[in-house]
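To start, the structure under review is shown below, and the notes come after it.
The values are calculated or read from the model by the stated rules, or taken from the named source; none is laboratory data. For clarity, every value in this text was computed on a predicted model and none was experimentally measured. Cβ: placed from backbone, ideal geometry, glycine included. Neighbour counts: every protein chain shown. These area figures cover heavy atoms from the full protein model, side chains too; ligands, DNA and RNA do not enter into them. Shrake-Rupley method; radii C 1.70, N 1.55, O 1.52, S 1.80 Å.
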Amino acid sequence: MSLASIADNFFGLFNYWVVILLMMIGFYTVISHDNLVKKLIGLNLFQTAVFVFYISMGKISGSTAPILMSGKGSEDVLYAHPLPHVLILTAIVVGVSTTALGLALVVRINEAYGSIEEDDVLEADFETQEEETEEEAERMARAEARQERESAQQDHDDGREEEDDDRETRS
């Protein structure tokens, strides 16, 4: 194998190398960063890599846009398949809307926790959970104490009623 054939193979598949590079950069960004906005950017890079992959798969060498032609030589025209491009247009719309939803959630998380760093949000969430479990335990203890008082009061009331009934029958 000569250097020229290796270069031809590498540059002939250049779009796939770009896809792999974009995917790895996006994946690394999602995994390595704690900032939620940076995670969204990494997801968008990964998504863009998928778009480029599908578009490059739909490309046919020597083809034209899938617009029907009439006249001489129209039978010999090679058309590109439009389905990958249509699917990518739909995926772009879905990607934009999910990015908007993700950014809205990041804004809401920032309002609720005061930070968009994942570690800070998780720490604040764990503290909130601990406080809630402590409050729930106190609530349960108060409810049990109230229930015991009520049952003791009912037992005490039951004893009085029996004494009153005994007095009424004696009179």
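Ordered from largest to smallest accessible area (heavy atoms of protein chains, 1.4 Å probe), the residues 64, 98, 29 come out as 98, 64, 29.
The value obtained for the chain, namely the Cα convex hull volume divided by the number of residues, is 285 Å³ per residue. Dividing the summed -39500 (n - 2.57) terms of all DSSP H runs of n ≥ 4 by the residue count of the chain sets its mean residue ellipticity at 222 nm at -28500 deg cm²/dmol. Can you give the angle from 0 to 90° between the axis of helix 118-170 and the longest principal axis of the chain, with both taken from C-alpha atoms, to the nearest 10? It works out to around 30 degrees.
In debye, nearest 20, what is the charge dipole magnitude of the chain about its Cα centre with +1 on Lys and Arg Cβ and -1 on Asp and Glu Cβ, if you could check?
So the magnitude is around 2940 debye.
Spin-label pair residue 113-residue 149: with each label point 7 Å from Cα along the Cα-Cβ axis, the two points sit 4.0 nm from one another. Calculate how steeply helix 36-58 sits against the longest principal axis of the alpha-carbon atoms of the chain, using the helix alpha-carbon long axis, and give the answer as 0 to 90 degrees to the nearest 10. Helix 36-58 sits roughly 40 degrees off the main axis of the chain. With all protein chains present, how much of the accessible area of the chain (probe radius 1.4 Å) comes from carbon and sulfur, to the nearest whole percent? Of all accessible area on the chain, carbon and sulfur atoms account for 62 percent. Per residue, the chain exposes 78 Å² of accessible surface when a 1.4 Å probe is rolled over the protein heavy atoms with every protein chain present. Taking amide H as placed 1.01 Å from N in the peptide plane, the amide H of residue 35 sits under 5 Å from that of 118, each at least 5 places away or on another chain. Projecting label points 7 angstrom from Cα along Cα→Cβ for residue 25 and residue 68 puts them 4.2 nm apart. Proximity of backbone amide H atoms, modeled 1.01 Å from N, is registered between residue 79 and 64 at under 5 Å, excluding neighbours fewer than 5 places apart on the same chain.
Accessible area of residue 43 (1.4 Å probe, protein heavy atoms only, ligands and nucleic acids ignored): about 100 Å².
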